[in-house]
1. Can Pro259 be described as more than 29 Å from Gly14 (Cβ to Cβ) and either touching a residue at least 40 places away in the same chain (Cβ under 8 Å) or more than 16 Å from the ligand (Cβ to nearest atom) (or both)?
2. Of the conditions (1) crowded, with 17+ Cβ neighbours inside 10 Å; (2) touching a residue at least 24 places away in the same chain (Cβ under 8 Å), Phe353 satisfies every one except a single condition; which number is it?
3. Run down Ile223, Ile261 and say which single residue is among the β-branched types (Val, Ile, Thr) and surrounded by 13 or more Cβ atoms within 10 Å (Cβ to Cβ).
4. Within the set of pairs 6 or more residues apart or between chains, which connect a residue that is part of a loop (DSSP other than H, G, I, E, B) inside the stretch 30-44 to a residue that is among the acidic types (Asp, Glu) and open to solvent by less than 50 Å² (accessible area, probe 1.4 Å) with Cβ atoms less than 7 Å apart?
5. For Ala251, state whether it is open to solvent by less than 10 Å² (accessible area, probe 1.4 Å), more than 9 Å from the ligand (Cβ to nearest atom) and farther than 24 Å from Thr98 by Cα.
6. Any residue that is crowded, with 21+ Cβ neighbours inside 10 Å, away from the ligand (no atom under 14 Å from the Cβ), part of a loop (DSSP other than H, G, I, E, B) and in the same structural domain as Val39 (by TED's automatic domain parsing) - is there at least one of those in the stretch 184-197?
7. Going through Gln125, Gln102 one at a time, which residue ends up being in the same structural domain as Val30 (by TED's automatic domain parsing), touching a residue at least 12 places away in the same chain (Cβ under 8 Å), touching a helix residue (DSSP H, G or I) at 6+ places or on another chain (Cβ under 8 Å) and within 15 Å of the ligand (Cβ to nearest atom)?
8. Could you please find all residues in the stretch 262-289 being within 7 Å of the ligand (Cβ to nearest atom) and under 28 Å from Trp234 (Cα atoms)?
Amino acid sequence: MRTQVAIIGAGPSGLLLSQLLQLQGVDNVVLERRTGEYVLGRIRAGVLEQGAVDLLHEARVGARLAREGLAHEGFDICVGDRRHRIDLKGLTGGKCVTVYGQTEVTKDLMDARAALGGTVVYEAQDVALHDLGGKAARVTYRRDGKAAEVVCDYVAGCDGFHGVSRGAIPKDLLRNYERVYPFGWLGVLSDTRPVSDELIYVHHERGFALCSMRSMTRSRYYIQCEFDEDLEEWTDDRFWDELRRRLPPDAAAALQAGPAIEKSIAPLRSFVAEPMRYQRLFLAGDAAHIVPPTGAKGLNLAASDIYYLSRALIAHYKENRDDLLDAYSQTALRRVWKAERFSWWMTTLLHRFPDASAFDRRVQEAELDYVTGSVAARTALAENYVGLPY
Ligand SMILES: Cc1cc2nc3c(=O)[nH]c(=O)nc-3n(C[C@H](O)[C@H](O)[C@H](O)COP(=O)(O)OP(=O)(O)OC[C@H]3O[C@@H](n4cnc5c(N)ncnc54)[C@H](O)[C@@H]3O)c2cc1C
């Protein structure tokens, strides 16, 4: 098979890139290791910046998002029993975020790819990249036990943190930056009414908690836990009891418990691989970087990478210019590092660190007091939360 761009991975990065390229007449093929059902079954992000929303509209997958997405104009930070509202809209001159699940984004993209007749090969096994420095790159894989090959101009590595693309960059050219946090998030999805119309971030002596949602009938809750805890030991009742203990009294009283329809423990990690380009290969999304979910930036960073990469590839094919492709790694990384900083900062601000000294804890308390008490500090928080410009 011959195509212009081979895209590895049918997560949000890969599908969005595929859709944007096809709308501009750039031929592409997506190779995904899993089945479509498996990809859709993964419960992940839920908060979209305006830039991501705009890009989804540009990709013509914004109709359901416009109908069903929930505009959030603020959120609360709770310290002890006190709630402090971060007025996103007021502090940023009218900007807000949209709550719409990653599963829904992925479904909309899958439907759009199918409607446009895009080629997405699911269950592509043993994907391998070759000849990245040659006249044409090759991507080999196996499907139904048969060997197959895609010959292409460029490869977009959109295959997440555990994919193969990043490993195709020689080790001596790749620099990895990483911080692993000494805790995880235990998350529960339930078909219950959210405890509040807006998200609540909780700093509590028992550990961080987050009350989030996917819709007004589907809640997503998280509590900080040990990264190596046994999920089996977390019955639904134990989860709800622990969450209630961390919430301020009014929220705890309003919390509606129900059966968990999904429960998982996610480790927290900050990670960046540089550069994001090697010869004919471009990395995008989680293949190049990971953020702890505290700032709700993972999916949004995937979207901004795809914004830069789609424009660069379209400029190459339609205007015969390569300046955007040549600048891609540097351009994307400037925004990536700002989101990394913000996600690290929010994580550090709101969690209990087991190895924190008495001094560290006092500094954390002072920072929480400053952020909740200063308009300037809240403005900086809000500016980053709604998303820095592309
Ligand atoms: C448990 C969890 C919770 C999260 N919660 C949040 C959140 O609350 N807020 C937020 O903003 N972000 C969150 N994230 C991050 C967010 O989900 C990711 O940033 C986002 O999915 C990145 O999209 P992506 O397309 O780059 O990568 P992915 O979604 O990982 O997609 C990569 C795709 O590539 C495929 N693939 C992998 N290897 C291969 C291969 N060898 N060959 C072919 N295909 C391959 C995978 O099957 C997958 O479909 C969370 C992530 C996880 C894991």
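1. Yes, satisfied.
2. The failed condition is (1).
3. Within the list Ile223, Ile261, the selection yields Ile223.
4. Qualifying pairs under 7 Å: Ile43/Glu262.
5. The answer is no for Ala251.
6. no
7. Gln102
8. Correct list: Ser264, Ala266.
The values are calculated or read from the model by the stated rules, or taken from the named source; none is laboratory data. Model, not experiment: these values are computed from the prediction. Positions of Cβ are backbone-derived with ideal geometry, glycine not excepted, and every protein chain shown enters the neighbour counts. Keep in mind that these areas ignore ligands, DNA and RNA; they rest on the heavy atoms of the full protein, side chains included. Shrake-Rupley method; radii C 1.70, N 1.55, O 1.52, S 1.80 Å.
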